[in-house]
Amino acid sequence: MLCTCVAVGLGCFGVDGARADDAAQPRDAVTDRPVAALANRDSGQQPDRKAAKTARSEAAASAPEHINVIGRLNQERARIFPGLGAVDYRIDQHQINVTPGGQNAAFNQILLRVPGVVLDSYGEVHVRGEHGGLTYRVNGVLLPEGLNGFGQELDTRIIQSVDLLTGTLPAQFGFRTAGVVDVTTKTGDSLKHNQVSLYGGSYNTFVPSVQLGGQHGRLDYFTTLSFTRNNIGIENPSNTFRAIHDVTEQEKAFSYLSYHIDDVSRVTLLTSASYADFEIPNSFKTFDANSPDYTTIYDVAGVNPHDPSMNWAKLNDSQTEQNYYAVLSYQRTTDKLNFQASPYFRYGRIDYSPDRDRDLIYQGVSEHEVNDFTTGGMQFDLSYEVAPRHTLRAGLLGQYTSERLDTNTLAFRVDEQGNQSSNVPVRLIDNTGNWSVEAGAYIQDEYKITHNLTFNYGIRYDRFASSFDNEGQLSPRANMVWKPTRTTTLHIGYSRYFAPPSPQYVYPSTLARFAGTTNAAANMIDEATKVEKSNYVDGGILQRITPEFQITLDAYAKWAHDLTDLGQFGRAVILAPFSYRRGKVYGAEFGSSWKHGPWSVFGNFSFVKTAARNINSAQYQFETDELAYIQTHAIQLDHQGEYTATAGASWTSRHDMAYVDFVYGYGLRRGFANLEKEPEYDVFNIGYQHTFTKVPFGHDIKVRADVVNLFDKRYQLRDGSGVGIYQAQYGQRRGTFFALVSEF
């Protein structure tokens, strides 16, 4: 089920190796005990403490010692990184399992079942009206930011549980503050058996994978390998059932190694590698001059535009993405002091390959792009109980990023009116790069005023220096959480945020190089994107109606200077930053979950409204009339999905699982200055899984079937218009998928 809580102290953070039934329950915001346990206490039933203590002692004596060590170290690590006062939505293994595809689902589909999350094209999700702005942490360690491409940031198979923290984040969270995706990975201890899986079905989907894990002495390890091939790598730009030219092949590998030096310290190494090829899908076009789909064609020397081989449907553009990262962590815990130090490294590369002649015919430009990111950094965090009611937390983070964009472009010369003046393309080579340094430090105090009232306050200082900008800010943070009754938790908070842009500045010299060609910028205004600085307030309530049923209500508002947005400006899917001088975002969320015996139900609803005025960076990407309108009018952001809803119901027994799942989208913005919106849509999904336990060899075998978009709803995410939008995108049509999982 989806657990919602206001994180206080340990909050909703789980412990690797904890019992599965405990992990699936909501946890109390102050005591961190499962709600069922609290209900038992509150009902007046007094457990036999002596018997319980004896049982625990016997269990400890019979259980391997290293399991106790793992649980203790994981619990203490969670105390270093609590989401004090933030809204914490936890997704456990059960919720992952009842999402269409289960562990084979794309990670954005897992997040989509959380209140306030809106689906977009290219696998993107938006949290609380923000475009991007998510921080990813794996086992409490910052995952360096990569490039904005097609591939998913994380592989669902590696996840034991995941928390999405939003709202007024405490001082230890900086830079990307739309939300914190905090992943607890599987380990050799949490993986009961090795697994081999085969998943496939519609759109020629074929996904074999393997998960291996175990423990040898003080070493704990987990590894997963997967390969994906299908014919729907990117959303279809047409409303047809199958996209034209949309094959993807992806390989992913992840490894977790943990060595326990002694009972109070360990060293952990996380490594990940992914390599993915994507065909860029084509809209359906014909060469009938009377067809409304007929597109103006550029004249290319030596190429007959009416040759059937030059049909738009035969476009052969492609994109390759690579991502590699490694994170090394040293953790030590004592009675009062816990700390973790983590150096990390990441390399990412996007390589866009054009189809020379067809790109020139239809777009007047054929461009080969290679974009590289390299990031290295260090993170240090600690918590120290300075007094019975005070826990001090402090930390440092610093990282250096190098970005390089190399382009090799063919384009045509144009006259003063912008008309093609030559049918012989000219070659233009442009190689540029950027660098950035991000550094932050914080200190905060968790003050337990009473048993039911916690005040967490702190301050952080951030600095962003780059090849195009240099800024810093002191940011206060404060949250108050009050639990007036055993079943009610209230919270209110304020945070000052400092969110630097990704280092992807295009210099005026590049714009000048393409002037007078079919690849010329819309204008020559080229201010650098600055750091977004904002004030954020949040308040809400968590109410447990019964031990099995809980609801949450939360409201928030943000006022920003230099509000950062992202856009695609060309056929290569590399999202680049731009900003608005002023912006605001406000909204509300409702979440609910109920669990009774084998039944589990959740339902979420959210509302968000955005407004922004005056684009003040990277203006060269926009037409002058649109820039002029936005300068004097507050517009809604293109990624605003004003209303969203998700719901699901599942039934689970020892051998069987069945679910029904629902997603509603109100429609993103489109048109000139985002003045219009896409149509609303609703999608239903169903699935069933059976576990065979009596098998002649190995352990359990699971057989699963999922039907995605059960009623074959045709819905459009994008129509190619809107601020920073380039291509049309439709949601996936109906698909049937099957999975076979064997444990050994």
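The values are calculated or read from the model by the stated rules, or taken from the named source; none is laboratory data. As the structure is a prediction and not an experimental result, all values here were calculated from the model. For neighbour counting, all protein chains shown are included, and Cβ atoms are generated from backbone atoms with ideal geometry for every residue, glycine included. To get the accessible areas, we keep the full protein, side chains included, count just its heavy atoms, and leave off ligands, DNA and RNA. Shrake-Rupley method; radii C 1.70, N 1.55, O 1.52, S 1.80 Å.
For this structure, a couple of remarks:
- Of the residues making up the stretch 727-740, those that are under 13 Å from Y199 (Cβ atoms) and either open to solvent by 20 Å² or more (accessible area, probe 1.4 Å) or free of Cβ contacts under 8 Å to residues at least 40 places away in the same chain (or both) are T736, F738, L740.
- Residue within the stretch 383-400 that is of a type in the set (K, R) and open to solvent by less than 40 Å² (accessible area, probe 1.4 Å) present: yes
- Residue satisfying all of: in the stretch 75-96; part of a helix (DSSP H, G or I) and basic (K, R); surrounded by the most Cβ atoms within 10 Å (Cβ to Cβ) among these: R77
- Every residue from the stretch 711-726 that is surrounded by fewer than 19 Cβ atoms within 10 Å (Cβ to Cβ) and either under 22 Å from the mean Cα position of the chain (by Cα) or in a loop (DSSP other than H, G, I, E, B) (or both): F711, D712, K713, R714, Y715, G720, S721, Y726
- Looking only at the stretch 415-452, residues that are open to solvent by 30 Å² or more (accessible area, probe 1.4 Å), touching a residue at least 60 places away in the same chain (Cβ under 8 Å) and among the β-branched types (V, I, T) come to 4 in all.
- Unmet requirement for A618, which otherwise passes all of (1) crowded, with 21+ Cβ neighbours inside 10 Å; (2) of a type in the set (A, V, I, L, M); (3) farther than 26 Å from L511 by Cα: (3)
- The combined condition, being under 28 Å from G418 (Cβ atoms) and among the hydroxyl-bearing types (S, T, Y), is fulfilled by Y362.
- Pairs are defined by a Cβ separation below 8 Å, a sequence spacing of at least 6 or placement on different chains, a first member in the stretch 383-403 that is within 16 Å of G174 (Cα to Cα), and a second member that is assigned to a strand (DSSP E or B) and among the β-branched types (V, I, T); the pairs so defined are R393/I443; A394/I443; G398/V437; Q399/T375; Q399/V437; Y400/T375; Y400/V437.
- Every test in (1) assigned to a strand (DSSP E or B); (2) closer than 30 Å to D712 by Cα; (3) in contact (Cβ under 8 Å) with a residue 60 or more places away in the chain; (4) open to solvent by less than 40 Å² (accessible area, probe 1.4 Å) is passed by F605 save one, and that test is (4).
- Residue satisfying all of: in the stretch 345-382; of a type in the set (K, R) and assigned to a strand (DSSP E or B); surrounded by the fewest Cβ atoms within 10 Å (Cβ to Cβ) among these: R349
- Qualifying residue in the stretch 212-224 (condition: over 30 Å from D262 (Cα atoms), open to solvent by 40 Å² or more (accessible area, probe 1.4 Å) and of a type in the set (F, W, Y)): no
- When residues in the stretch 512-525 are screened for being within 18 Å of L575 (Cα to Cα) and buried (at least 18 other Cβ atoms within 10 Å of the Cβ), 2 of them pass.
- Qualifying residue in the stretch 610-630 (condition: in a strand (DSSP E or B), within 30 Å of N709 (Cβ to Cβ) and touching a Gly at 6+ places or on another chain (Cβ under 8 Å)): yes
- Conditions (1) closer than 30 Å to R714 by Cβ; (2) of a type in the set (S, T, N, Q); (3) in a helix (DSSP H, G or I): number failed by N685: (3)
- Within the stretch 632-649, residues that are closer than 14 Å to E130 by Cα and of a type outside the set (D, E) sit with their Cβ atoms under 8 Å from residues that are open to solvent by 30 Å² or more (accessible area, probe 1.4 Å) and in a strand (DSSP E or B), at 6+ positions apart or across chains, in these pairs: Q636/K609; Q640/K609.
- Among the residues of the stretch 221-236, none qualifies, meaning not one is closer than 30 Å to G140 by Cβ, under 25 Å from the mean Cα position of the chain (by Cα) and among the charged types (D, E, K, R).
- When G123 is tested against (1) in a loop (DSSP other than H, G, I, E, B); (2) open to solvent by 10 Å² or more (accessible area, probe 1.4 Å); (3) on the phi < 0 side of the Ramachandran plot, exactly one condition is not met: (3).
- Remark: N674 falls outside the filter, which requires a residue to be open to solvent by less than 60 Å² (accessible area, probe 1.4 Å), closer than 30 Å to W594 by Cβ and not aliphatic (A, V, I, L, M).
- Test set (1) of a type in the set (A, V, I, L, M, F, W, C); (2) closer than 23 Å to N419 by Cα; (3) at pLDDT 95 or above - L392 fails condition number: (2)
- Residue match in the stretch 247-266 (condition: modelled with pLDDT of 90 or more, in a loop (DSSP other than H, G, I, E, B), closer than 30 Å to R718 by Cα and touching a Phe, Trp or Tyr at 6+ places or on another chain (Cβ under 9 Å)): yes
- Condition met for T271 (open to solvent by 30 Å² or more (accessible area, probe 1.4 Å), of a type in the set (S, T, Y) and modelled with pLDDT under 90): no
For (1) of a type in the set (A, V, I, L, M, F, W, C); (2) without any contact (Cβ under 8 Å) to a residue 60 or more places away in the chain, each residue gets a yes or a no:
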site: D299; (1), (2): no, no
site: G302; (1), (2): no, yes
site: D307; (1), (2): no, yes
site: Y324; (1), (2): no, yes
site: T333; (1), (2): no, no
site: K336; (1), (2): no, yes
site: Q340; (1), (2): no, no
site: F345; (1), (2): yes, no
site: S353; (1), (2): no, yes
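- Residues of the stretch 537-575 that are within 21 Å of R670 (Cβ to Cβ) and open to solvent by 50 Å² or more (accessible area, probe 1.4 Å): F569 alone.
- Answer from R266, R242 - the residue that is of a type outside the set (F, W, Y) and surrounded by fewer than 16 Cβ atoms within 10 Å (Cβ to Cβ): R242
- Within the stretch 198-223, the set of residues being closer than 10 Å to N104 by Cβ and either modelled with pLDDT under 95 or among the hydroxyl-bearing types (S, T, Y) (or both) comprises Y199, T205, S209.
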